[in-house]
Amino acid sequence: MTTKISNGVTKQTIISIAIIVVGVAGLAWWSKSADNKGLSAEGSQKYHLANTSNALAAIEEFYDFGTISMKNGNVSKIFKVTNNSSEDIKVPSVTTSCMCTTAYILNEDGERGRPFGMPGHGGAVPKAKAIVKAGGTLDIEVVFDPNAHGPAGVGRIERSVFLEDENKNVIELKFKVNVTP
């Protein structure tokens, strides 16, 4: 038999609510603890490379194309990534955040290599197989197609390109654009 405290609230209901509150608090504590462990000295490199002296760094991580018209077609930007370490760094993965964005690794003559896109769209994204020599740079051309989303794809758009090195460190190159018809 349950005991009513007031207005139909039972002791069992109060205990159930207390257990739920304790459970949620426990999950929040556990999650915070797991996050802190993930940001230890060895784990912190996974999240961002730009401010470390022995890794890849983007000279410019963000670009604003301003306002562009769909009728004028694609726009592009070349981002430079440097290797500040004394060892060569392999970059096996280059991906984009959306199908409207394509990334190319430029060779020493400024010519485009194969296109890299969004995982899951248009088949598998090829391996980049790029190597950034110690003290060297890698040029990444980012191309945005304002027509990729059709007539509804107008307004402010933000997209990213991700470079991941052999140790799973990631650099994010971002851009924004305001698309008009």
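The values are calculated or read from the model by the stated rules, or taken from the named source; none is laboratory data. From a predicted model like this one, the values you see are computed outputs, not experimental measurements. Counting neighbours? That spans all protein chains shown, and the Cβs are built from the backbone with ideal geometry, glycine included. Protein only, heavy atoms only, side chains kept; ligands, DNA and RNA dropped before computing areas. Shrake-Rupley method; radii C 1.70, N 1.55, O 1.52, S 1.80 Å.
Key figures for this structure:
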read-out	value
Test result for Pro146, touching a residue at least 60 places away in the same chain (Cβ under 8 Å), touching a helix residue (DSSP H, G or I) at 6+ places or on another chain (Cβ under 7 Å), open to solvent by less than 20 Å² (accessible area, probe 1.4 Å) and over 21 Å from Leu56 (Cβ atoms)	yes
Inter-residue pairs, beta-carbon under 6 Å, first farther than 17 Å from Lys80 by Cβ and in region 152-181, second basic (Lys, Arg), 6+ apart	Glu158/Lys176; Glu166/Lys90; Lys168/Lys46; Asn178/Arg156
Region 150-181 - residue that is open to solvent by 70 Å² or more (accessible area, probe 1.4 Å) and of a type outside the set (D, E, K, R) and, of those, nearest to the chain's Cα centre (by Cα)	Asn167
Strands (runs of 3 or more DSSP E) enclosed by region 51-160 - at least 2 residues per element that are basic (Lys, Arg) and under 16 Å from Ile171 (Cβ atoms)	75-83
Verdict on Thr67 being of a type in the set (Ser, Thr, Tyr) and at pLDDT 95 or above	yes
